[in-house]
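What follows is a set of notes on a single structure, which appears directly below.
The values are calculated or read from the model by the stated rules, or taken from the named source; none is laboratory data. What you see is a predicted model; the values in this text were computed from it and never measured. Quick reminder, even Gly has a Cβ in these numbers, built from the backbone with ideal geometry, and neighbours come from all protein chains shown. The area values use the complete protein model at the heavy-atom level, side chains included, leaving out ligands, DNA and RNA. Shrake-Rupley method; radii C 1.70, N 1.55, O 1.52, S 1.80 Å.
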Amino acid sequence: MDFWSFIVLGVISFVLLTSASAAMSLSNLIHCALCLVLSFVCIACIYLWLGVEFLGFVQVLVYVGAVSILVVFTILLTRRGFEGEIIDFSGTVLLGPVLILPVLLTLWWAVGSLPTPPDHIKTPVAHVAQIGIELGGNESGGGHYILPMLGVGILLTAALIGGASMASSKRRKEEKWN
Amino acid sequence: MNLLTDRLDLEKLPLLLQQLVLDVFSRLFHFLPESLLAYEPAVKSLVSIFLVIVPIIGVFCTLFAVVVMMERKGLGRMQNRLGPNRVGPFGMLQPAADGIKMLIKEDIVPANADHLVHFLAPCLLVLGSLISFSVIPFGKNLLPIDLECGLVFYFAGGAASELSIFMAGWSSHNKYSLLGAMRALAQLLSYEIPLILSTVPVVMLASSLEPSRIVAHQAGYTAWIIPHWFVCTPWGAIGFLLFFIASLAETNRSPFDLPEAESELIAGHLTEYSGFKYALFFMAEYLAMISISAIGITLFLGGWHAPCKFFEFIPSYFWFGGKLLFLLWMFIWIRATVPRLRIDQLMAFAWKFMIPLGLVNILVAAFWYKSLSWNFEGHDFLRWGIAVAVLGGCYCALARLLNEKSTASSKRTYRYAE
């Protein structure tokens with residue numbers, strides 16, 4: 001890892017941690033949501049830094065494009081006003097460090113117990129086509145994950161059709177109500 | 001000197017220009033002290049990055065002005081009036097006058113507004129619109145970045161627009177802005193699904209997410225005059241139709257311009273914006289329109305390929321530009337022709353018509369892909385027949401269903417007003 005690459009990772013990590021802590025501690029919920037979006041973007045940047053473009057762009061597409069909108073919609077639809085409220089700190093906040101410590105220790109142990117890769121092994125370059133072949137397979141092989149892929153595909157399509165049918169059934173309910 | 005006479009050189013003109021600028025910079029280094037020579041590669045790479053960014057900003061911001069002019073003049077003609085005709089010859093300098101007006105206008109921010117978010121929203125929107133241009137192949141030798149998953153990058157860039165509209169609506173501290181932003185978000189999210197569903201068949205058939213490979217897949221002609229563009233297949237035609245309608249909604253264009261419906265919501269999320277911030281929103285909307293047309297051309301209309309073999313002598317970027325202007329003209333034409341939809345009609349159209357049709361279109365594309373290996377006599381007719389029958393039947397059934405539902409509740413009930 002060269003010097004500039006290290007600096008870039010440092011900056012991304014700093015922004016990520018700062019925005020994530022801001023998302024937890026700001027009093028205005030919308031500001032929290034926007035900080036959360038910034039941390040999602042930083043995670044995408046880390047993926048890009050690692051050279052996994054596809055994952056980085058999908059992270060932006062799904063988390064910044066969809067999940068964040070879901071979060072802000074939920075905040076706006078469930079609160080009467082959109083003014084910020086001060087969230088009181090309770091005594092349970094002290095439990096945080098106590099819980100974090102074992103998690104960090106476990107992570108430290110897990111990372112430390114990994115075998116160090118020899119220097120001559122390069123990071124594998126995963127092309128999108130290779131990922132696709134590995135997941136879905138083609139004439140020459142692959143397709144080890146075809147069943148889970150199909151399962152996820154059917155689940156998502158069912159959710160989409162369900163959404164469309166809910167949209168039409170809501171109308172009937174409203175008509176009855178009227 | 002061969003530059004003007006040789007067709008190939010005209011095609012390579014962008015590359016030559018790039019080389020020329022880089023050469024000028026490397027010659028400049030000869031005049032500098034030797035201690036600075038170490039920085040030459042860094043400066044060269046910086047210059048080549050600028051050579052990508054500057055033309056994109058320059059060309060598309062100019063095109064923005066041209067499209068605004070085209071729209072105002074075109075709408076004027078369609079509505080039997082002259083359109084702008086005071087500033088410059090034939091009113092051609094009207095965009096410049098508009099720009100100056102916007103620049104020198106006072107920037108008003110509501111006292112209770114969230115100033116930082118209010119400022120960031122238009123910047124983020126313009127950034128999202130501009131960044132999408134970087135993966136579109138504008139010509140044979142005109143591709144800013146050749147990304148392997150360029151299509152995902154394009155749609156990821158679009159994610160910024162949703163967020164910035166919400167930021168604009170919420171930070172203005174105005175109920176019309178907030179309501180307008182929420183309506184806009186509901187619309188954008190609903191139409192993003194058919195937009196992406198309509199591109200899935202293209203990715204399936206081209207077996208790639210790379211725009212340049214998708215364009216390369218559409219090369220070639222049947223009998224010299226019928227291009228192998230994806231729009232010339234049944235699934236491609238329906239896909240392009242879905243894509244075009246969804247892109248009208250994604251860019252808040254008429255007949256889906258509800259987010260800025262002046263008569264209902266004042267101006268939606270733009271209510272509290274004035275001056276240059278408003279101009280940025282306006283520009284971002286047009287840039288999004290241009291970029292979505294460009295990606296539509298790349299996916300369905302053969303990218304920079306000529307429509308028939310005889311016209312291949314014209315450089316590829318001219319073809320791309322021509323197709324782009326044609327699609328932009330379609331946007332303007334539709335604005336002058338179709339009335340605005342109601343919000344429930346808009347949502348019903350996305351969820352009950354476009355999404356089911358998009359899903360069926362993916363199935364038809366899968367059938368098309370599998371039937372590519374057919375080689376018995378008349379296989380082409382059978383393939384076309386099955387695909388057209390399935391898509392046509394589905395189109396008619398969905399249209400009937402949508403129509404029945406809307407006529408069943410034709411007596412509109414008003415809950416809050418009589």
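When you check B:F90 against the structure, is it assigned to a helix (DSSP H, G or I), open to solvent by 80 Å² or more (accessible area, probe 1.4 Å) and at pLDDT 90 or above, yes or no? For B:F90, the condition - assigned to a helix (DSSP H, G or I), open to solvent by 80 Å² or more (accessible area, probe 1.4 Å) and at pLDDT 90 or above - is not met.
Yes/no per residue for (1) in contact (Cβ under 8 Å) with a residue 60 or more places away in the chain; (2) more than 14 Å from chain A (Cβ to nearest Cβ):
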{"site": "B:P307", "(1), (2)": "yes, yes"}
{"site": "B:F353", "(1), (2)": "no, no"}
{"site": "B:G358", "(1), (2)": "yes, no"}
{"site": "B:N375", "(1), (2)": "no, yes"}
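Being in contact with a Ser or Thr (Cβ under 9 Å, 6 or more places away or on another chain), more than 13 Å from chain A (Cβ to nearest Cβ), open to solvent by 30 Å² or more (accessible area, probe 1.4 Å) and among the aliphatic types (A, V, I, L, M) is the requirement here; does B:L116 meet it? It is false that B:L116 is in contact with a Ser or Thr (Cβ under 9 Å, 6 or more places away or on another chain), more than 13 Å from chain A (Cβ to nearest Cβ), open to solvent by 30 Å² or more (accessible area, probe 1.4 Å) and among the aliphatic types (A, V, I, L, M). Taking the criterion of being among the polar types (S, T, N, Q), surrounded by fewer than 24 Cβ atoms within 10 Å (Cβ to Cβ) and within 13 Å of chain A (Cβ to nearest Cβ), the residues of the stretch B:191-224 that qualify are B:S207, B:S208. Flag not set for B:L4, criterion: part of a helix (DSSP H, G or I) and either under 23 Å from B:S293 (Cβ atoms) or at pLDDT 85 or above (or both). Scanning the stretch B:326-351 for residues that are under 22 Å from B:G236 (Cβ atoms) and without any contact (Cβ under 8 Å) to a residue 24 or more places away in the chain yields a total of 1. Screening B:F243 on (1) assigned to a loop (DSSP other than H, G, I, E, B); (2) modelled with pLDDT of 95 or more shows it passes everything except condition (1).
Within the stretch B:203-244, the set of residues being polar (S, T, N, Q) and more than 23 Å from B:D380 (Cβ to Cβ) comprises B:S208, B:S212. Inspect all residues belonging to the stretch B:73-80 and state whether any of them is over 23 Å from B:T337 (Cβ atoms), in contact with a Gly (Cβ under 7 Å, 6 or more places away or on another chain) and in a helix (DSSP H, G or I). For the stretch B:73-80, residues over 23 Å from B:T337 (Cβ atoms), in contact with a Gly (Cβ under 7 Å, 6 or more places away or on another chain) and in a helix (DSSP H, G or I): absent.
Every residue, every condition in (1) part of a helix (DSSP H, G or I); (2) on the phi < 0 side of the Ramachandran plot; (3) among the hydroxyl-bearing types (S, T, Y); (4) open to solvent by less than 50 Å² (accessible area, probe 1.4 Å), yes or no:
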| residue | (1), (2), (3), (4) |
| --- | --- |
| B:W304 | no, yes, no, yes |
| B:Y317 | yes, yes, yes, no |
| B:F326 | yes, yes, no, no |
| B:F331 | yes, yes, no, yes |
| B:R335 | yes, yes, no, no |
| B:L346 | yes, yes, no, yes |
| B:A350 | yes, yes, no, yes |
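Kindly evaluate A:A33 against the criterion of being out of contact with any strand residue (DSSP E or B) (no Cβ under 6 Å at 6 or more places or on another chain), within 13 Å of chain B (Cβ to nearest Cβ) and open to solvent by less than 30 Å² (accessible area, probe 1.4 Å). Yes; evaluated as a whole, the condition is true for this residue. Is it the case that some residue within the stretch A:110-118 is open to solvent by less than 70 Å² (accessible area, probe 1.4 Å), modelled with pLDDT of 80 or more and within 14 Å of chain B (Cβ to nearest Cβ)? No, every residue in the stretch A:110-118 fails to be open to solvent by less than 70 Å² (accessible area, probe 1.4 Å), modelled with pLDDT of 80 or more and within 14 Å of chain B (Cβ to nearest Cβ). For the stretch B:93-113, a residue qualifies if it is outside any helix (DSSP H, G or I), open to solvent by 80 Å² or more (accessible area, probe 1.4 Å) and of a type in the set (A, V, I, L, M), and the qualifying residues are B:L93, B:I108, B:A111. For B:S190, the criteria (1) without any contact (Cβ under 8 Å) to a residue 60 or more places away in the chain; (2) under 16 Å from B:F349 (Cβ atoms) hold in every case but one, which is (1).
Among what's in the stretch B:122-174 and is open to solvent by 20 Å² or more (accessible area, probe 1.4 Å) and among the acidic types (D, E), pick the residue that is nearest to the other protein chains (Cβ to nearest Cβ). So, considering only residues that are open to solvent by 20 Å² or more (accessible area, probe 1.4 Å) and among the acidic types (D, E), the one nearest to the other protein chains (Cβ to nearest Cβ) is B:E148. Against the numbered list (1) assigned to a loop (DSSP other than H, G, I, E, B); (2) modelled with pLDDT of 90 or more, B:F133 comes up short only at (1). Pairing residues of the stretch A:57-81 that are over 12 Å from A:L36 (Cα atoms) and at the interface with another protein chain (Cβ under 9 Å from one of its Cβ atoms) with residues that are surrounded by fewer than 15 Cβ atoms within 10 Å (Cβ to Cβ) and modelled with pLDDT of 85 or more, at Cβ distances under 8 Å and at least 6 apart in sequence or on separate chains, gives no pairs at all. For the stretch A:44-52, the condition holds for at least one residue, the condition being that it is touching a residue at least 60 places away in the same chain (Cβ under 8 Å) and within 11 Å of chain B (Cβ to nearest Cβ). Flag: A:A23 does not match the condition of being within 11 Å of chain B (Cβ to nearest Cβ) and either without any contact (Cβ under 8 Å) to a residue 24 or more places away in the chain or surrounded by 15 or more Cβ atoms within 10 Å (Cβ to Cβ) (or both).
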